[in-house]
């Protein structure tokens, strides 16, 4: 057989093997397959070395491509891990910043509380007072002091308004009692005054009734003020469970 025929036959065999390898789940020619052909006496020594080098290069490219695909599959998970790690680092830095500058963090909390419409004035004042006491050298101390003074004034005004309203209610009540004792109330005013009152309190303000039948007490004549200036009518008081249920004119 002509020696020139060996390389040609080798290339044909190699090409056939390569095509089979490509068709076989994407695998490429390998050094082991070259050795298999060599055992059949196909390759001369020099050509065998070249073929080995080529097969190893092809195998290296195949391995590199497989590794690349593996890395590409792992990449989304690696990116997600990196993002989580970055978030954790940012959170730790933020937490550390609180220890480095607590006056800034506490002032931010104070501002948030002062702007919160649901926060109680006492809570806002307590936070402002605590900040002034804790951070007298802070650049925000003056602002906190001003907020404290505003809250103190607001609370004082609210307390005074509550006292004034209570005093007004007591004065109105006292005046109503005086008018009741003077029998100078309209029927609606008697109903408001006696509503829910106990029998003991009725006796205290009106005295004993002129007549009494079960839960009905009657105070005859001269009790209900007539807006038209006519004669005063009497009171009929109906009790339920010992308390005033209804008030009407006496028959």
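The values are calculated or read from the model by the stated rules, or taken from the named source; none is laboratory data. All values derive from a computational prediction rather than experimental measurement. Cβ atoms come from the backbone with ideal geometry, glycine included; neighbour counts cover every protein chain shown.
Annotations
- Candidates 108, 97, 87, filtered to the one that is modelled with pLDDT of 90 or more, out of contact with any strand residue (DSSP E or B) (no Cβ under 6 Å at 6 or more places or on another chain) and at negative phi: 108
- Considering region 114-229, the qualifying helices (runs of 4 or more DSSP H), each wholly inside and each with 2 or more residues that are in contact (Cβ under 8 Å) with a residue 24 or more places away in the chain and under 23 Å from residue 241 (Cβ atoms), run over 187-194, 199-206.
So that you can scan it fast, the table gives a plain yes or no per residue for (1) within 30 Å of residue 217 (Cβ to Cβ); (2) in contact with a helix residue (DSSP H, G or I) (Cβ under 9 Å, 6 or more places away or on another chain); (3) in the same structural domain as residue 235 (by TED's automatic domain parsing):
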residue	(1), (2), (3)
115	no, no, no
125	no, yes, no
128	no, yes, no
136	no, no, no
142	no, no, no
163	no, no, no
175	yes, no, no
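- Among the numbered conditions (1) exposed (fewer than 14 other Cβ atoms within 10 Å of the Cβ); (2) modelled with pLDDT of 90 or more, the only one that residue 144 does not meet is (1).
- Number of the exception - residue 234 against (1) assigned to a helix (DSSP H, G or I); (2) surrounded by 14 or more Cβ atoms within 10 Å (Cβ to Cβ): (1)
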